[in-house]
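Q: Sharing a structure with you now.
The values are calculated or read from the model by the stated rules, or taken from the named source; none is laboratory data. These figures come from a predicted structure and were not determined experimentally. Here the Cβ is made from the backbone with ideal geometry for all residues, glycine too, and neighbour counts use every protein chain on show.
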Amino acid sequence: MKKQFILLVLTGIIGVQSYAQLPEKAEDISPLLIGEVIPDAVLKSPDASDHSVLDIIGKKPTILLFYRGGWCPFCNAQLAEVQTIENQIIELGYQIVAISPDSPENLKLTDEKHKLTYSLYADSDGTLIKAIGIAFKSPEKYGFMLSEKSGGLNDGFLPVPTVFVVDTTGKILFEYINPDYKTRLSSSLLLAVLKNLKESK
């Protein structure tokens with residue numbers, strides 16, 4: 001019984017420490033940089049099945065789009081805009097993968113709402129989002145909502161909306177990160193980046 005109690009206490013301390021280490025503000029994050037490699041993690045698809053990040057991006061060069069959740073109107077606008085250029089992105093040899101702290105059930109709602117044909121994945125506890133350095137402490141007013149939207153797994157973090165372009169090894173070729181969640185990478189600029197990357201190979 002004592003061992004179990006110690007383990008629970010340690011787990012609690014570790015949990016508090018990991019939360020305490022999160023930046024207070026979006027402007028204070030320390031994301032991975034161009035040339036660095038995306039770490040592996042297990043994500044869930046809308047059907048709640050597990051998928052390795054490195055398996056997903058190992059299939060073809062990938063646009064990794066991290067968004068705050070289906071509750072965010074600016075994220076929804078970005079997801080819908082990216083959908084309009086998906087065919088051009090595929091023609092350039094890339095796939096689109098969008099990741100948020102939403103639960104698989106909420107991914108389904110976003111998918112159905114926008115009739116998305118690219119892949120959405122859940123990183124509900126933020127394992128990947130924190131590992132790549134784009135997580136920060138969410139404002140207290142978001143606490144209950146984020147927990148609910150993540151199936152109880154979000155401990156009070158938000159990702160800074162981010163777009164990475166990575167090769168099949170997970171190496172970052174391009175990134176767009178803006179602490180102002182209202183400002184997103186435009187579809188025209190994303191296409192220009194992809195064309196430039198293809199030409200520079």
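Q: Of the numbered conditions (1) within 23 Å of residue 48 (Cα to Cα); (2) of a type in the set (Lys, Arg); (3) surrounded by 16 or more Cβ atoms within 10 Å (Cβ to Cβ), residue 137 fails exactly one; give the number of that condition.
A: Unmet condition: (1).
Q: Quick test for you: out of 128, 189, 197, 173, pick the one residue that is of a type outside the set (Phe, Trp, Tyr), out of contact with any strand residue (DSSP E or B) (no Cβ under 6 Å at 6 or more places or on another chain) and surrounded by fewer than 20 Cβ atoms within 10 Å (Cβ to Cβ).
A: 189
Residue-by-condition table, conditions (1) modelled with pLDDT under 95; (2) of a type in the set (Asp, Glu); (3) more than 18 Å from residue 21 (Cβ to Cβ); (4) touching a helix residue (DSSP H, G or I) at 6+ places or on another chain (Cβ under 7 Å):
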| position | (1), (2), (3), (4) |
| --- | --- |
| 124 | no, no, yes, no |
| 130 | no, no, no, no |
| 135 | no, no, no, yes |
| 138 | no, no, no, yes |
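Q: Quick check on the range 17-56: of everything there that is in a helix (DSSP H, G or I) and at pLDDT 95 or above, which residue is surrounded by the most Cβ atoms within 10 Å (Cβ to Cβ)?
A: Per the stated criteria, the residue is 53.
Q: Yes or no: residue 155 more than 28 Å from residue 84 (Cβ to Cβ) and buried (at least 17 other Cβ atoms within 10 Å of the Cβ)?
A: yes
Q: Given the residues 56, 89, which is the only one that is over 14 Å from the mean Cα position of the chain (by Cα) and touching a residue at least 40 places away in the same chain (Cβ under 8 Å)?
A: Going through 56, 89 in turn, just one is over 14 Å from the mean Cα position of the chain (by Cα) and touching a residue at least 40 places away in the same chain (Cβ under 8 Å): 89.
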